[in-house]
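Here's the structure, in structure tokens; my notes come after.
The values are calculated or read from the model by the stated rules, or taken from the named source; none is laboratory data. Quick caveat: nothing in here was measured; it's all calculated off a predicted structure. Using ideal geometry, Cβ is built from the backbone for each residue, glycine included, and neighbour counts are taken over all protein chains shown.
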Amino acid sequence: MSRTVRLLTAGAALTLAVHMAPAAVAAEAAACGVTASNRDKSVYGQYFLRDVNLRNGPAWECDITNTATPVNQVDYYCTTDGFTYLRTASTKYGWVYNGYLKDGGSTIPC
């Protein structure tokens, strides 16, 4: 895969082709459509600070698959990239931004 970058310097245009390995391109994309194992042995609790969207990956670009409210009981599984993977007591799974969780989310890496 290659990208073309155009730089304008002193009235002249310079075109630079940057070749990237497929792994580097994949790393730029959000890891959507992923789940995680239950590594965090925390107990269910009410951890949401607000209504939240549950996403199918640990990134804002990932699809919203469900929603939850502060009254939902949740069980943390693990954390990565500022998001915690969790399960609600009503069996909804998803990734939630750690800033929306009372204690900052799970402390156990995925």
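Values for this structure:
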{"item": "Residue selected from region 65-108 under the condition touching a residue at least 60 places away in the same chain (Cβ under 8 Å) and either polar (S, T, N, Q) or not in a loop (DSSP other than H, G, I, E, B) (or both), by the criterion nearest to Gly33 (Cα to Cα)", "result": "Ser106"}
{"item": "Whichever residue in region 62-110 is surrounded by fewer than 20 Cβ atoms within 10 Å (Cβ to Cβ) and touching a helix residue (DSSP H, G or I) at 6+ places or on another chain (Cβ under 8 Å) and, among such residues, is farthest from Asp51 (Cα to Cα)", "result": "Gly82"}
{"item": "In region 34-44, the residues that are surrounded by 12 or more Cβ atoms within 10 Å (Cβ to Cβ) and out of contact with any Phe, Trp or Tyr (no Cβ under 6 Å at 6 or more places or on another chain)", "result": "Val34, Thr35, Arg39, Tyr44"}
{"item": "Residue check, Gly99 at pLDDT 95 or above and in contact with a strand residue (DSSP E or B) (Cβ under 9 Å, 6 or more places away or on another chain)", "result": "no"}
{"item": "Test for Gly57: is it in contact with a helix residue (DSSP H, G or I) (Cβ under 9 Å, 6 or more places away or on another chain) and not in a strand (DSSP E or B)", "result": "no"}
